[in-house]
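*Asks:* Structure below; questions to follow.
The values are calculated or read from the model by the stated rules, or taken from the named source; none is laboratory data. Bear in mind that the values here come from a model prediction, so they are computed numbers and not experimental data. Every residue, glycine as well, gets a Cβ built from its backbone with ideal geometry; the counts of neighbours run over all protein chains shown. Ligands, DNA and RNA are stripped out before the accessible areas are found, and what is left, the full protein with its side chains, is counted by its heavy atoms. Shrake-Rupley method; radii C 1.70, N 1.55, O 1.52, S 1.80 Å.
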Amino acid sequence: MTTNRREFLKTSAAASGVAVLGMYLPGFGGNEAKAAGSLHTPNAWVHISDNNEITLISHMSEMGQGVHTALPALIAEELDVDINKVSVATAPANPAYVNGLLGAQITGGSTSIRDAWEKLRVGGAQVRMMLIQAAANKWGVDASTLTASKGVVSGGGKSATYGELASAAASIPVPKEVTLKDPSQHNVVGKSIPRLDVPSKVNGTATFGIDAKVPGMVYASIEMCPVIGGKVVDFDASKAKSMPGVIDVVKTNDGHGTDGVAVVAESYWQALQARRKGLKVKWDEGPVAGISSKGMWDAIKAGQNDIKPIKIRPDQGDAAGAIAGAAKKVKAAYQVQLVGHQPLEPMNMIANVKGDSCELLGPTQFQQGAQGAVAGALGLKPENVTVATTYLGGGFGRRVCIDYCVQAAVVSKAVGRPVRILWTREDDMKHDFYRPAGLMRLEAGLDANGKPTGMKFQLTSQSITQALFGLPKNPLDPFMVEAAVPLYNVANTSHDLIIHDTGFRVGYLRAVSHTMNCFANESFMDELALAAGKDPVQYRMDLISEPRLANVLKMAADAAGWGRKLPKGRALGVAVMEGYGTYQAQVAEVSVSGGNVKVHKVWVACDCGRMVNPEIVKAQLESGIIYGLSHALYSDITLENGRVQQSNFNDFRVIRQAESPVINVMLVNSTEKPGGVGEPSTSVVGPAVANAIFTATGQRIRSMPLAKGLKSA
């Protein structure tokens, strides 16, 4: 596409009388010489209507993490308007809205604020300057004599609203250089402002995918092979077609090699009942039918025998030699399990195929992916597939995958009507893109004082990036080795990766590989402290040179009263991590009784750089701890004959409200650039709890879920 973004959005908004102001962003995407807001440069967009209503077109999906409050705050600050006067709409699928940190239009990776921090503030400042210049031109005065505040440009006894100036401002060249507000002048950024989406979510007017409707819409429920990747051999739909409300029965493909049979009806209940009671399908279950949990783990453990390791980073010194000559040696292996995403809103999407075009309406984290996959499945041009994104009832990485979008489009084309695909919870549980299992082998040598002189780390797991996107098999996958190299000073280290493809379907899950690597490294650090006869907190302090990490460790330990005497069976555990540019430490207070684990309290100290909204940061940390605690203690996906054994929350256990710990959040008032906060706390809580369990019971559990290991210990 050669048009610039300003022209693109001016065209799309013309029918509603909205003026669109483009933004030129120096330093983004290598397009410094291009005109205002080239489509090749990631950017944000501001709509200002004649009646002075301001809308931010958000390039990030809102799935509970608060971006539809945090992102408009950046614009509101530089436009100097009340954030409550800014509306938010999620951007359509378009290269204009590419996430600069991920290279595609994706919401994930704790990138929302990190990607938007500069570009949206610059964009807001540019629009402010354009509005001022429009007023200066209109009144024949120098722009330096005017100010813009609270939606009004004024000076010399004259004033005009942003809406009155927007049309003229849109034709003014976009300034290439702007001066951003000094943080001391911020009225919005850095303040704990109530979320803009709370009222609609409380009163029920918020539209999630499962709430959306379009005229003439029908419903589809899809029978999928019990083994992921299986194909339809034959099916008998005679009974289903005779049941009330049924319109048609259609064979589908999800775009990832799994066929299905969709029953389409006037209501969802009719479609589901006809699927369950009136449909018979014969399957070719495919190669995955031979996979079991035991076989998968046997293959992962044997991976080091026949797969050449990849260096995560160049070796530092001589780890093997240092360990061989050490006064004491410590060796351990840690395992993390397959885990499902399980957002509370199951997969759903509305598709409306009309001739050579398709409209998608629903929840997705990957607008361009949905657009491209549907275009490919239907033989359409990508620009003829539009994507309108609703609120997401949770994402956690599951909605980066677009299988359900393809299903909806294929069924809509077959029946010639708008169709909503809606999965059951059981569909969601058994046809996920699961976080892969991982095996981490660690070894260290300690000198006479207990200080590590050499350390080896080896990870064996599956590459999600290679599996999802068909990338070459040999290169290092950076999404596999997050937090693999902790910030401890050890002179001799070796870090290796073994990429083992289990053949099972995997996908990105909140915190991706941070969770498995942090669990191994921080559990092992406690084991080293024990071998050295040292206190776990002090042992870490003596090895950390990064002041931000040392600071949060001290904050968390002090707040928890580290070293205080606790009742028998109760103990504290600690863990630290840097991830997504954020430094974090957690201390968990845990009790164990009769094989049952209770996490009473978690103290978390976090330095995530500058914060747009501290209250949202706090909520994200709390959310991540609860989500991560579920996986650390209970959640598990197991396989038998290629079939996922879990079906709902009765056998895929998550933390309930009554089980949630008291969480004490401490935020560092930092001036560093923003880090990500949506995911790090998910990773740190697991090893903190595991270390507390050891102190309380003497049982070192090296595999997740921890509660399962405790019962069998």
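*Asks:* Of everything in the stretch 340-379, what is out of contact with any strand residue (DSSP E or B) (no Cβ under 6 Å at 6 or more places or on another chain), farther than 23 Å from Gly507 by Cα and open to solvent by 30 Å² or more (accessible area, probe 1.4 Å)? Give them in sequence order.
*Replies:* The answer is Lys354, Gly355, Asp356, Ser357, Gly379.
*Asks:* What number of residues in the stretch 134-153 are in a loop (DSSP other than H, G, I, E, B) and open to solvent by 80 Å² or more (accessible area, probe 1.4 Å)? Working first, answer last.
*Replies:* Narrowing the stretch 134-153 to residues in a loop (DSSP other than H, G, I, E, B): 140-142, 146, 150-151.
This time we only want the ones that are open to solvent by 80 Å² or more (accessible area, probe 1.4 Å), so: 142, 150.
Residues flagged as in a loop (DSSP other than H, G, I, E, B) and open to solvent by 80 Å² or more (accessible area, probe 1.4 Å) within the stretch 134-153 amount to 2.
*Asks:* Select from the stretch 154-189 the residues that are open to solvent by less than 40 Å² (accessible area, probe 1.4 Å) and either farther than 21 Å from Val46 by Cβ or in a helix (DSSP H, G or I) (or both) and list them in ascending order.
*Replies:* Within the stretch 154-189, Gly155, Tyr162, Gly163, Leu165, Ala166, Ala169 qualify.
*Asks:* With the condition kept exactly as written, say whether any residue in the stretch 494-501 is over 25 Å from Ile323 (Cβ atoms), surrounded by fewer than 19 Cβ atoms within 10 Å (Cβ to Cβ), of a type outside the set (S, T, N, Q) and free of Cβ contacts under 8 Å to residues at least 40 places away in the same chain. Explain how you work it out, then say what you get.
*Replies:* Step one: of the stretch 494-501, the residues over 25 Å from Ile323 (Cβ atoms) are 501.
Narrowing the set further to residues that are surrounded by fewer than 19 Cβ atoms within 10 Å (Cβ to Cβ) leaves 501.
Subsequent filtering for residues that are of a type outside the set (S, T, N, Q) retains 501.
Subset that is free of Cβ contacts under 8 Å to residues at least 40 places away in the same chain: 501.
Within the stretch 494-501, one or more residues are over 25 Å from Ile323 (Cβ atoms), surrounded by fewer than 19 Cβ atoms within 10 Å (Cβ to Cβ), of a type outside the set (S, T, N, Q) and free of Cβ contacts under 8 Å to residues at least 40 places away in the same chain.
*Asks:* Can you tell me which of Gly66, Gly123 is over 25 Å from Pro173 (Cα atoms) and either under 25 Å from the mean Cα position of the chain (by Cα) or surrounded by 24 or more Cβ atoms within 10 Å (Cβ to Cβ) (or both)?
*Replies:* The unique qualifying residue is Gly66.
Residue by residue, here is whether (1) in contact (Cβ under 8 Å) with a residue 40 or more places away in the chain; (2) among the aromatic types (Phe, Trp, Tyr); (3) in contact with an Asp or Glu (Cβ under 9 Å, 6 or more places away or on another chain) holds:
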position	(1), (2), (3)
Ala575	yes, no, yes
Ser593	no, no, no
Cys606	yes, no, no
Asn613	yes, no, no
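*Asks:* Where residues in the stretch 190-228 are charged (D, E, K, R) and in a loop (DSSP other than H, G, I, E, B), which of them is most open to solvent (accessible area, probe 1.4 Å)?
*Replies:* Initial filter on the stretch 190-228 (charged (D, E, K, R)): 191, 195, 197, 201, 211, 213, 223.
Within this subset, residues satisfying the condition of being in a loop (DSSP other than H, G, I, E, B) are 191, 195, 197, 213.
Numbers: Lys191: 92, Arg195: 59, Asp197: 6, Lys213: 151 Å².
Across the stretch 190-228, the extreme among qualifying residues is Lys213.
*Asks:* Next question. If you take the residues in the stretch 82-105 that are aliphatic (A, V, I, L, M) and touching a helix residue (DSSP H, G or I) at 6+ places or on another chain (Cβ under 6 Å), which one is modelled with the highest pLDDT?
*Replies:* Ile83
*Asks:* Please go through the stretch 392-449 and give me each residue that is more than 23 Å from the chain's Cα centre (by Cα), under 30 Å from Ala332 (Cβ atoms) and either open to solvent by 10 Å² or more (accessible area, probe 1.4 Å) or hydroxyl-bearing (Ser, Thr, Tyr) (or both), ordered by number.
*Replies:* Arg441, Glu443, Asp447, Ala448, Asn449
*Asks:* So, one more: Is it fair to say Lys231 is surrounded by fewer than 18 Cβ atoms within 10 Å (Cβ to Cβ), more than 33 Å from the chain's Cα centre (by Cα) and in contact (Cβ under 8 Å) with a residue 24 or more places away in the chain?
*Replies:* Criteria not met by Lys231.
*Asks:* Can you tell me which of Lys673, Lys618 is open to solvent by 20 Å² or more (accessible area, probe 1.4 Å) and assigned to a helix (DSSP H, G or I)?
*Replies:* After applying the criteria, what remains is Lys618.
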